[in-house]
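Notes to accompany the following structure.
The values are calculated or read from the model by the stated rules, or taken from the named source; none is laboratory data. On a predicted model such as this, the values are computed, not experimentally measured, just so you know. Glycine gets a Cβ as well: all are built from the backbone with ideal geometry, and neighbour counts include every protein chain shown. What goes into the accessible areas is simple: the full protein's heavy atoms, side chains included, and nothing from ligands, DNA or RNA. Shrake-Rupley method; radii C 1.70, N 1.55, O 1.52, S 1.80 Å.
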Amino acid sequence: MRRHLNTLYVTKPDAWLHKDGENVVVKVDGEEQARVPFHILGSIVCFGSLGATPALIGHCAERGVCVSFMNRNGRFLARIEGPVSGNVLLRRGQYRLADSPEQTGLLASHIVTGKILNQRTVVRRALRDYGGSSADWAARLQASERRLSNAARRSAKMRDADAIRGIEGEAARVYFGTFGDLVRIDEPAFNFHGRSRRPPLDPLNALLSFLYALLVHDCRSALETVGLDPAVGYLHRERPGRPSLALDLMEELRPVLADRLALSLINRRQLAKRNFQTEVSGAVTMREDGRKTVLVAYQNRKKDEVLHPFLREKTTIGLIPFVQANLMTRHLRSDLDAYPPFLWR
């Protein structure tokens with residue numbers, strides 16, 4: 001159990017919640033694990049828990065405490081609220097900001113700047129971990145690091161959304177132009193010659209696409225949990241059926257939760273060529289055994305603890321999408337002057 005931004009996250013899958021006076025009590029196998037007063041809570045998020053008593057749900061509704069239920073993998077299932085909710089005001093604020101070019105540009109700038117800086121951290125960590133490699137290899141990565149730093153500085157100053165998208169595309173070409181150098185095993189199947197999507201044309205692209213799909217589900221669940229509309233974004237343009245805001249939120253987290261994990265799985269030889277298959281169309285997909293390996297590694301990665309740079313509190317990586325969604329709502333409500341992206345150290 002953790003509390004961030006007045007939200008109680010119940011991450012034990014066999015937890016049961018009930019009301020005791022003016023407190024939320026969390027029990028596991030009949031033993032009390034946590035007791036939190038209602039007056040300090042804004043919401044409760046349960047991951048795969050057994051459930052909650054009607055008395056607790058009813059009291060939460062009366063007190064304006066939203067209760068959200070997710071499955072064990074973090075996919076949104078349901079949200080319970082009382083009859084009076086500020087979500088309509090929150091969503092109206094979200095829509096108004098989306099209609100403002102200046103405000104849209106500001107939010108897009110912070111999202112893209114956070115993404116580029118986290119990409120730079122992936123490159124820096126490779127230089128730190130494999131600094132004894134060849135001089136040419138180190139020179140290539142150092143050049144990419146400098147170009148990413150320059151792109152981040154330009155993005156931070158920009159307020160035009162189209163120009164910011166252009167900088168993001170430029171940074172992506174630099175980053176993925178170097179990504180193959182971050183693969184440290186001698187295996188031709190994992191040679192990387194650039195990002196390919198719909199369909200992925202090599203095993204590493206197939207792995208990245210699979211991890212990005214997991215991440216976008218987590219981001220969409222986080223946004224639905226805090227009451228935002230996942231379809232109305234700022235960096236990604238709106239299209240029917242497209243979770244644009246979830247894609248926005250995912251951008252800064254790709255290097256942290258997906259790219260670094262993909263490299264670890266390959267460099268540690270947890271995945272091999274046999275875990276992938278090539279379709280008649282040329283598309284490369286993961287076999288069932290490969291997907292199982294990735295899912296286990298992804299869930300374990302989400303248990304790792306990091307210090308959140310804005311909150312200055314420790315949190316698990318799996319809760320970062322929910323914390324960032326909460327920070328986004330605070331910006332949309334004007335409680336924060338700007339949206340603080342998650343910056344990985």
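General observations
- Under the condition of being closer than 18 Å to ALA213 by Cα and assigned to a helix (DSSP H, G or I), the residues counted in segment 293-323 number 15.
- In segment 101-124, residue surrounded by the most Cβ atoms within 10 Å (Cβ to Cβ) [restricted to those that are charged (D, E, K, R) and within 21 Å of the chain's Cα centre (by Cα)]: LYS115
- Matching residues in segment 184-199 - criterion: being of a type in the set (D, E, K, R) and within 25 Å of the chain's Cα centre (by Cα): ARG195, ARG197, ARG198
- Complete set of residues in segment 232-255 that are modelled with pLDDT under 90 and on the phi < 0 side of the Ramachandran plot: ARG237, GLU238, ARG239, PRO240, ARG242, PRO243
- Filtered by the rule that a residue be more than 11 Å from the chain's Cα centre (by Cα), within 15 Å of LEU117 (Cβ to Cβ) and buried (at least 21 other Cβ atoms within 10 Å of the Cβ), segment 310-340 gives a lone residue, TYR339.
- Of all residues in segment 311-343, those satisfying the criterion of being hydrophobic (A, V, I, L, M, F, W, C) and closer than 19 Å to ARG91 by Cβ are PHE322, ALA325, LEU327, MET328, LEU332, LEU336.
- Unique match (being at negative phi, polar (S, T, N, Q) and at pLDDT 90 or above) among SER68, SER109: SER109
- Within segment 279-294, restricting attention to residues that are exposed (fewer than 14 other Cβ atoms within 10 Å of the Cβ) and not basic (Lys, Arg), the residue that is farthest from the chain's Cα centre (by Cα) is VAL280.
- Set side by side, the residues VAL122, VAL67 differ, and just one is in contact with a Cys (Cβ under 9 Å, 6 or more places away or on another chain) and in contact (Cβ under 8 Å) with a residue 24 or more places away in the chain, which is VAL67.
- Residues within segment 219-229 that are modelled with pLDDT of 85 or more and open to solvent by less than 10 Å² (accessible area, probe 1.4 Å), tallied: 5
- In segment 29-56, of all residues being among the β-branched types (Val, Ile, Thr) and within 28 Å of the chain's Cα centre (by Cα), the one that is nearest to CYS219 (Cα to Cα) corresponds to VAL45.
- Any hit, segment 125-133, residues being over 21 Å from ASP186 (Cβ atoms), over 20 Å from the mean Cα position of the chain (by Cα) and either of a type outside the set (Asp, Glu) or surrounded by fewer than 18 Cβ atoms within 10 Å (Cβ to Cβ) (or both): yes
- Filtering segment 78-93 for residues that are touching a residue at least 24 places away in the same chain (Cβ under 8 Å), open to solvent by 50 Å² or more (accessible area, probe 1.4 Å) and in contact with an Asp or Glu (Cβ under 6 Å, 6 or more places away or on another chain) leaves a non-empty set.
- The lone criterion from (1) crowded, with 18+ Cβ neighbours inside 10 Å; (2) modelled with pLDDT of 90 or more left unmet by ARG274 is number (1).
- Selection within segment 295-307 - within 13 Å of the chain's Cα centre (by Cα) and open to solvent by less than 30 Å² (accessible area, probe 1.4 Å): TYR298, LYS302
- PHE210 vs. criteria over 23 Å from PRO321 (Cβ atoms), at pLDDT below 90 and of a type in the set (Phe, Trp, Tyr): no
- Just one of the listed residues (SER149, SER134) is over 26 Å from VAL232 (Cα atoms) and out of contact with any helix residue (DSSP H, G or I) (no Cβ under 9 Å at 6 or more places or on another chain), namely SER134.
- Pairing each residue of segment 153-167 that is of a type outside the set (Val, Ile, Thr) with any residue that is buried (at least 16 other Cβ atoms within 10 Å of the Cβ) and outside any helix (DSSP H, G or I), provided the two are 6+ apart or on different chains, yields no C-beta distance under 6 Å.
- Pick from segment 134-152, criterion without any contact (Cβ under 8 Å) to a residue 12 or more places away in the chain and either outside any loop (DSSP other than H, G, I, E, B) or of a type in the set (A, V, I, L, M) (or both), ranking: least open to solvent (accessible area, probe 1.4 Å): ALA138
- Residue within segment 258-270 that is part of a loop (DSSP other than H, G, I, E, B), open to solvent by 40 Å² or more (accessible area, probe 1.4 Å), charged (D, E, K, R) and without any contact (Cβ under 8 Å) to a residue 12 or more places away in the chain present: yes
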